[in-house]
Amino acid sequence: MNPTLASLKILFVEDSPEDVALNLLALRELGRPLQSECVSSESALREALERFKPDIVLSDFSMPGFSGMEALRIVGTVSPETPFLFVSGTIGEELAIEAMQRGASDYVLKDNLRRLKPAIERALRGAAEARERQQMQRALRDSEERARSIIDTSYDAFVSIDTDGKIVIWNAQAEKMFGWSRAEAIGRTLPETIIPPQYRQAHEQGLKQFRDTGHRGRVFDSHVELTAQHRDGREFPIELTIWPLVTGGTTTINAFLRDVTVRVQQEAKIQHLARIQAVLGALGNAILRSSDTQALLDMTCRLLVEQGGFKAAVIGVGTPENTLELTNSFGDAGVTEVVRGFGSIKLGPAEPNERPSTRAFRENEKVIISDFAAAAVPEFLKAKMIRAKVAAQIALPIGTPPWGVLGLYSEHPQQFDDDEIALLDRLTAEIDYARDFIAKSERLQYLAYHNPATGLPGRTAFRELILPRIEQRPQVVAMADIDRFRYFNHSRGRGFGDQLLREVGARLQSLLPADALFAHPGDDAFVFAYPSDVAIDSAVGQIEALLARCCEQPFLVDGEHVRAQLHASVLLAPAHGRTADAIEHGLVAVLAEAQKREHPVLAFTEELRSRASRRVELERDLRHALETDAFELYLQPKFGAASQRLTGAEALLRWRHPQRGMVSPAEFIPVLEESGLIIEVGAWVRRTALNICQRWRESGQMGLRIAVNVSARELRQLNFVSECEELLIPFVGEHDLDIEITESMLMDDIGQSIQVLQALRDLGCKVAIDDFGTGYSSLNYLSRLPADTLKIDQSFVALLALSPDTLSLVTNIIGLAHSLGLKVCAEGVEDDEQAKLLRLLRCDELQGYLLGRPIPVSEFEKNFIN
């Protein structure tokens, strides 16, 4: 990276932080410092355009509640000079073309981010050229002398003609674009110089109409696209900006001309890519409708013609005799008859160490075919294709190793770039996957006992095979899974993840003893067993060495070297389990603990079994508590620091177990969050607290507010705001329910947090930032948060009278909050000296054991309300 270069400011319109991170990773190749922000709503986009002033905008096409086309419109209105690129997964042909016509600079697929760097560089160059062009046009209107100077240095061709159509100005770029020197062009008519013969009459009629109707004294802009002609006869598309100009009684018609060949080619490419994308989308439905492989391949050929825009499509399948049999076709009858007339094609031997490629170009006949079918194409076959005017645009191998060839035909040969080849490769991969899926669906017994991703024995097979082995001899049994496997699946796709599973499984199995049982029960977990009488510590050492050997070299997946790490759990059978259920449950529980502790290998212990059992029992009891309304709310009072009057309370969840009595929140709340029960329990807490607030209002106790805590899982719930709206909208803001959210939780997704907090404030809630000072929020984010109160964490309050540094820190926090219009509440106030200091520092509210412990609602009302 060159630190002397100015930072490139990038604004992402994206709802996925993972995709933003991948884009930034790809943009490291730009070699310059980057500044970036991310928005996902119209208001945030407008604000960022005004404040951040990005050099370029990268937008997803489709987001919940906000579309990429709307973002394009807003950028075009607010900051039209800023280039705009779509970075998305899929897009329809018409929408893609429309986006380009509306001003989008380019479109990059998310699974092809290697195009992002050149696309951005091209867009930035285009924006710079556009700005310079605008400056030139203004200069032309301001001063004729300045216009001459700018015209000669313009990046676009500039041509000026008189009312007879003769050229009077011809700049250097026009010389380069059309091949005529300035001396040759001046005095010639425009039609005979740059307009193809078939369009000259229309041009002359337009010029005559201008002379007859007259636009003298008026200056107007007209944007036109037409076909131009080079001196050598080559035709190409151009874009013109035309306006008449009257100076000194003389009328000239002036035009800036730009060669838009690249843009037109891009639009054609987008159309082609969109058609292939449509085929990929429709192929999924075809898989569901196809009853067998033949029906699937017939449907594939049909889709490629009807939706892919090819003249004909054929599929040839390899035979045991090393021939290629054309088995499926659809499209132009003349083409398919000729191709079927080829019959069986004998395949020649491959060259030693030859690596199969997806395409090979035969220059004489303009035929692109794969190595799989290229070895021995007979001369008579080539001759037939030439006589039938058939050009095999591309033929792609299907499967690895190839079991067939997909041929796509049209009258006009064309080269395919890497993006198109990648899409077609994806298509053949989907055909291969679907064929394999159908074949395995016909073998239900196979699927019942084998994992379809790896072909290894599955969970059912392992459970049946492990018991006889235990009866014969003690076994070391282990379960291993791949760290961050979901990352590979989400970022690279299912096919990449499946291949990684196969590579890991194959290497792991190769390192095991020959008599080991090896299975793939599901997801990214592998389980294996081998005979051994060793102690558990020795077994752990064996498995650690095994995993180290397995992962010491990267795995080759789709030509890419991938580093992967494994966690494992180990137990001895039958010592730690005599049944398949006991073994499986033990391995799963220990593996979860290994991942939690970040241990590479963890051994089974009875303590871990008991802990897992208690965790299951606790979750079961919590579900029963929710169903039977067995939770309780305790309230801890808050007081005004200066007035020392009650201002409200914080609601705290408590649970009284039927046998164990009161259970610590530190024990049961993490289980609520992990199990997802926190969603329903949190809704119960808000309803209950609101009912208490309303009861106080009705009794005349106005202004006493109750704050409830919201967990990260609740805040990220898609329907969280709508659930709060359903609860609070009937009160039209006339309620006393507040929300407390921890600082660190907000920073996980600041953009989403701002939207949610603002929605809660719109519903009449006040928002408090809990545990402030323990997280990592910046002043910039804090000033943007829709909050009302900062709660100073009790760890600072505890040291307030003991540490000058803490006193200074709390002083600054209170001053900062007040400067931002926020109130400050101090938690954990336990003695008079702390309370006195906080009052002197102008803290607004106090909360802690000095003022009152959390107590049941009835006791709280008896002590503080009645």
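What about Ser40, is it farther than 26 Å from Ala422 by Cα and in contact (Cβ under 8 Å) with a residue 60 or more places away in the chain?
Working: farther than 26 Å from Ala422 by Cα: yes; in contact (Cβ under 8 Å) with a residue 60 or more places away in the chain: yes.
The answer is yes for Ser40.
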Residue check, Ile729 more than 22 Å from Ser40 (Cα to Cα) and either open to solvent by 10 Å² or more (accessible area, probe 1.4 Å) or part of a strand (DSSP E or B) (or both): yes
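Would you point out the residue of the range 686-709, among those that are polar (S, T, N, Q) and not in a helix (DSSP H, G or I), that is nearest to Tyr634 (Cα to Cα)?
Taking the range 686-709 first, the residues polar (S, T, N, Q) are 688, 691, 694, 699, 701, 709.
Checking which are not in a helix (DSSP H, G or I) leaves us with 699, 701, 709.
Details: Ser699: 20, Gln701: 19, Asn709: 13 Å.
It comes out as Asn709.
Residues to consider are Phe462, Phe496, Phe528; find the one that is in contact with a helix residue (DSSP H, G or I) (Cβ under 9 Å, 6 or more places away or on another chain), closer than 30 Å to Gly89 by Cα and open to solvent by less than 40 Å² (accessible area, probe 1.4 Å).
Working: Phe462 fails: closer than 30 Å to Gly89 by Cα; Phe528 fails: closer than 30 Å to Gly89 by Cα.
Result: Phe496 is the single residue among Phe462, Phe496, Phe528 that is in contact with a helix residue (DSSP H, G or I) (Cβ under 9 Å, 6 or more places away or on another chain), closer than 30 Å to Gly89 by Cα and open to solvent by less than 40 Å² (accessible area, probe 1.4 Å).
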Hits in the range 613-627 (condition: open to solvent by 70 Å² or more (accessible area, probe 1.4 Å) and either in contact with a Pro (Cβ under 6 Å, 6 or more places away or on another chain) or of a type in the set (A, V, I, L, M) (or both)): Val616
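Among the listed residues Arg713, Arg695, identify the single one that is within 19 Å of Glu619 (Cα to Cα) and of a type in the set (Lys, Arg).
On the way: Arg695 fails: within 19 Å of Glu619 (Cα to Cα).
Among Arg713, Arg695, only Arg713 is within 19 Å of Glu619 (Cα to Cα) and of a type in the set (Lys, Arg).
Pick out the one residue from His215, His223 that is under 29 Å from Gln101 (Cβ atoms), at pLDDT below 85, open to solvent by 50 Å² or more (accessible area, probe 1.4 Å) and assigned to a loop (DSSP other than H, G, I, E, B).
Numbers: His223 fails: assigned to a loop (DSSP other than H, G, I, E, B).
The unique qualifying residue is His215.
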Meets criteria (at pLDDT 90 or above and not acidic (Asp, Glu)) for Ser491: no
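Here's a check for you: in the range 45-88, which residue that is closer than 23 Å to Arg115 by Cα and of a type in the set (S, T, N, Q) is nearest to the chain's Cα centre (by Cα)?
The selected residue is Ser88.
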Residue in the range 42-53 that is under 26 Å from Glu267 (Cα atoms), part of a helix (DSSP H, G or I) and either in contact with a His (Cβ under 7 Å, 6 or more places away or on another chain) or of a type outside the set (Phe, Trp, Tyr) (or both) present: no
In the range 426-440, residue modelled with the lowest pLDDT [restricted to those that are open to solvent by less than 50 Å² (accessible area, probe 1.4 Å) and farther than 30 Å from Phe528 by Cβ]: Ile438
Count of residues meeting criterion [exposed (fewer than 14 other Cβ atoms within 10 Å of the Cβ) and either under 20 Å from Ser105 (Cα atoms) or among the basic types (Lys, Arg) (or both)] in the range 40-67: 2
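Quick one: which of Arg443, Arg387, Arg459 is among the charged types (D, E, K, R) and at pLDDT 70 or above?
Values: Arg443 fails: at pLDDT 70 or above; Arg387 fails: at pLDDT 70 or above.
That would be Arg459, the only listed residue that is among the charged types (D, E, K, R) and at pLDDT 70 or above.
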Residue satisfying condition, being more than 26 Å from Gln265 (Cα to Cα), assigned to a helix (DSSP H, G or I) and either at pLDDT 90 or above or not small (Gly, Ala, Ser) (or both), within set Glu18, Glu94, Glu70: Glu18
Residue match in the range 740-758 (condition: in contact (Cβ under 8 Å) with a residue 40 or more places away in the chain and touching a Gly at 6+ places or on another chain (Cβ under 6 Å)): no
Hits in the range 192-202 (condition: more than 16 Å from Ala157 (Cβ to Cβ) and either over 49 Å from the mean Cα position of the chain (by Cα) or of a type in the set (Gly, Ala, Ser) (or both)): Glu192, Pro197, Arg200, Gln201, Ala202
In the range 638-677, residue most open to solvent (accessible area, probe 1.4 Å) [restricted to those that are within 26 Å of Ala826 (Cα to Cα) and part of a loop (DSSP other than H, G, I, E, B)]: Arg645
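Please go through the range 830-856 and give me each residue that is surrounded by fewer than 20 Cβ atoms within 10 Å (Cβ to Cβ) and under 25 Å from Arg654 (Cα atoms), ordered by number. Even if it seems obvious, please write down each step before you answer.
Taking the range 830-856 first, the residues surrounded by fewer than 20 Cβ atoms within 10 Å (Cβ to Cβ) are 830-833, 836-837, 839-842, 849-856.
Passing the criteria: Glu830, Tyr849, Leu850, Leu851, Gly852, Arg853, Pro854, Ile855, Pro856.
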Members of the range 714-726 that are surrounded by fewer than 11 Cβ atoms within 10 Å (Cβ to Cβ) and either closer than 12 Å to Gln752 by Cα or among the hydrophobic types (A, V, I, L, M, F, W, C) (or both): Leu718
Check on Ile792, out of contact with any Leu (no Cβ under 8 Å at 6 or more places or on another chain) and at pLDDT 90 or above: yes
Selection within the range 499-524 - open to solvent by 40 Å² or more (accessible area, probe 1.4 Å) and assigned to a helix (DSSP H, G or I): Gln499, Arg502, Glu503, Ala506, Arg507, Gln509, Ser510
Yes/no for Arg687 being open to solvent by 60 Å² or more (accessible area, probe 1.4 Å) and within 20 Å of Ala768 (Cα to Cα): yes
Residues satisfying the stated conditions in the range 1-39, i.e. among the small types (Gly, Ala, Ser), open to solvent by 50 Å² or more (accessible area, probe 1.4 Å) and within 16 Å of Val108 (Cα to Cα): Ala21
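The values are calculated or read from the model by the stated rules, or taken from the named source; none is laboratory data. Nothing here was measured: the structure is a model prediction, and the numbers come from that model. Don't worry about glycine lacking a Cβ; one is built from the backbone with ideal geometry, like all the others, and counts go over all protein chains shown. Calculation scope for accessible area: heavy atoms of the full protein, side chains included, ligands and nucleic acids excluded. Shrake-Rupley method; radii C 1.70, N 1.55, O 1.52, S 1.80 Å.
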